[in-house]
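Asker: For reference, the structure I am asking about is given below.
The values are calculated or read from the model by the stated rules, or taken from the named source; none is laboratory data. If you're wondering where the values come from, they're calculated on a predicted model, not measured in any experiment. Reconstructed Cβ throughout: ideal geometry from the backbone, glycine too, with neighbour counts over all protein chains shown. Just the protein is used for accessible areas: all its heavy atoms, side chains included, with ligands, DNA and RNA removed. Shrake-Rupley method; radii C 1.70, N 1.55, O 1.52, S 1.80 Å.
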Amino acid sequence: MKYLDEEIAKLEKEQRNLQILNEPSIDSAMNDIEHKEEEKWKAEDIIKEVKRGSLDNAALQLEFARLKVMQTGLSINFPTDFFVCTLETDEHMVFSNEEHEINVIFNWIEVKEKFSMKHMKDSMLQQFHAMEMPISWIEDDTVNHGLFEPHYCLFTNNVANGVVFNYLCFVEKGNHQLIINVNGSDRQRNLWKWITEGMISSLEVDSK
């Protein structure tokens with residue numbers, strides 16, 4: 001897929017010849033288990049706040065407003081005064097925040113077959129492997145949404161200055177697909193996963 005090839009190519013230069021970081025320690029894994037319930041509560045709280053339009057978290061404070069997503073006929077709750085829009089066309093929108101090292105990329109593509117996460121995962125893993133860019137697949141699932149059934153996947157990979165996460169969401173609408181890619185420092189993975197799922201949960205058909 002062209003859009004995916006382009007995103008992978010951006011990471012390739014930094015990824016080549018880098019050592020794979022060590023796997024999380026046993027202590028770290030135990031920590032994750034102990035805080036599972038706490039994280040679940042935080043996740044639900046953040047998602048609700050994003051859908052309401054205002055997030056007041058110890059790590060981040062954000063206000064949200066409706067964003068019309070290109071020519072998709074869809075709108076979404078999106079942070080105001082946080083991102084700078086660096087590209088906007090009928091098929092692509094790119095937002096970034098250099099200070100927080102977070103990017104949000106919207107792609108609107110025409111599709112000829114029904115989306116398959118298994119096919120997408122296999123294709124992505126093959127492409128990354130071919131370019132000697134090892135990734136860690138974290139999870140894939142669907143986001144709770146009444147109108148759509150957005151599929152998402154979450155993975156990390158190594159770059160020159162550390163580890164980055166990529167949250168990819170696929171929303172099917174007619175013969176098109178909206179792909180939402182949120183990526184940034186892995187230190188912020190959980191927070192931005194929940195923020196992103198709050199935004200995705202807010203997707204609506206735009207009333208004209």
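Residues are listed down the side, and each one gets a yes or a no for (1) open to solvent by 50 Å² or more (accessible area, probe 1.4 Å); (2) at pLDDT 90 or above; (3) touching a helix residue (DSSP H, G or I) at 6+ places or on another chain (Cβ under 9 Å):
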{"site": "F148", "(1), (2), (3)": "no, no, yes"}
{"site": "D186", "(1), (2), (3)": "no, yes, no"}
{"site": "W194", "(1), (2), (3)": "no, yes, yes"}
{"site": "L203", "(1), (2), (3)": "no, yes, no"}
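Conditions tested, residue by residue: (1) open to solvent by 50 Å² or more (accessible area, probe 1.4 Å); (2) β-branched (V, I, T); (3) more than 12 Å from C169 (Cα to Cα); (4) touching a strand residue (DSSP E or B) at 6+ places or on another chain (Cβ under 8 Å).
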site	(1), (2), (3), (4)
I76	no, yes, yes, yes
V84	yes, yes, yes, yes
V104	no, yes, no, yes
E110	yes, no, yes, yes
F115	no, no, no, yes
F128	no, no, yes, yes
P134	yes, no, yes, yes
I138	yes, yes, yes, yes
D141	yes, no, no, yes
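Asker: Scan the stretch 151-166 for residues that are modelled with pLDDT of 85 or more and of a type in the set (V, I, T) and jot them down.
Answerer: Within the stretch 151-166, the first condition is being modelled with pLDDT of 85 or more, and the residues that meet it are 151-158, 162-166.
Answer for the stretch 151-166, where residues must be modelled with pLDDT of 85 or more and of a type in the set (V, I, T): T156, V163, V164.
Asker: Hey, which of the strands (runs of 3 or more DSSP E) in the stretch 118-208, taking only ones fully inside, have at least 3 residues that are of a type in the set (D, E)?
Answerer: Passing ranges, in order: 135-142.
Asker: Could you give me the residue pairs with C-beta distances under 6 Å whose first residue belongs to the stretch 162-181 and is under 13 Å from E149 (Cα atoms), whose second residue is in a loop (DSSP other than H, G, I, E, B) wherever it lies, and which are 6+ apart or on separate chains?
Answerer: C169/P150; F170/F115; V171/F148; V171/P150; E172/F115; Q177/V111; L178/T72
Asker: Also, quick follow-up: Is the stretch 160-169 home to any residue that is closer than 22 Å to K51 by Cα and either surrounded by fewer than 20 Cβ atoms within 10 Å (Cβ to Cβ) or in contact with a Pro (Cβ under 6 Å, 6 or more places away or on another chain) (or both)? Reasoning before the result, please.
Answerer: We begin by selecting, within the stretch 160-169, every residue closer than 22 Å to K51 by Cα; these are 166-169.
Still in the list and also either surrounded by fewer than 20 Cβ atoms within 10 Å (Cβ to Cβ) or in contact with a Pro (Cβ under 6 Å, 6 or more places away or on another chain) (or both): 169.
Scanning the stretch 160-169 turns up at least one residue that is closer than 22 Å to K51 by Cα and either surrounded by fewer than 20 Cβ atoms within 10 Å (Cβ to Cβ) or in contact with a Pro (Cβ under 6 Å, 6 or more places away or on another chain) (or both).
Asker: Is there any pair with a first residue in the stretch 51-62 that is at negative phi and of a type in the set (D, E, K, R) and a second that is surrounded by 14 or more Cβ atoms within 10 Å (Cβ to Cβ) and not in a helix (DSSP H, G or I) whose Cβ atoms are under 7 Å apart and which are 6 or more apart or on different chains, and what are they?
Answerer: K51/N77; K51/S202
Asker: Related question: Give me the pairs, please: first residue somewhere in the stretch 65-78 and free of Cβ contacts under 8 Å to residues at least 40 places away in the same chain, second residue anywhere and assigned to a loop (DSSP other than H, G, I, E, B), beta-carbon distance under 7 Å, and either six or more positions apart or on two chains.
Answerer: A65/T80; M70/D90; M70/E91; Q71/D90
Asker: Then there's this: Is it the case that E132 is at pLDDT below 90, under 17 Å from V164 (Cβ atoms) and out of contact with any helix residue (DSSP H, G or I) (no Cβ under 7 Å at 6 or more places or on another chain)?
Answerer: On the way: at pLDDT below 90: yes; under 17 Å from V164 (Cβ atoms): yes; out of contact with any helix residue (DSSP H, G or I) (no Cβ under 7 Å at 6 or more places or on another chain): yes.
When the stated conditions are applied, E132 passes them.
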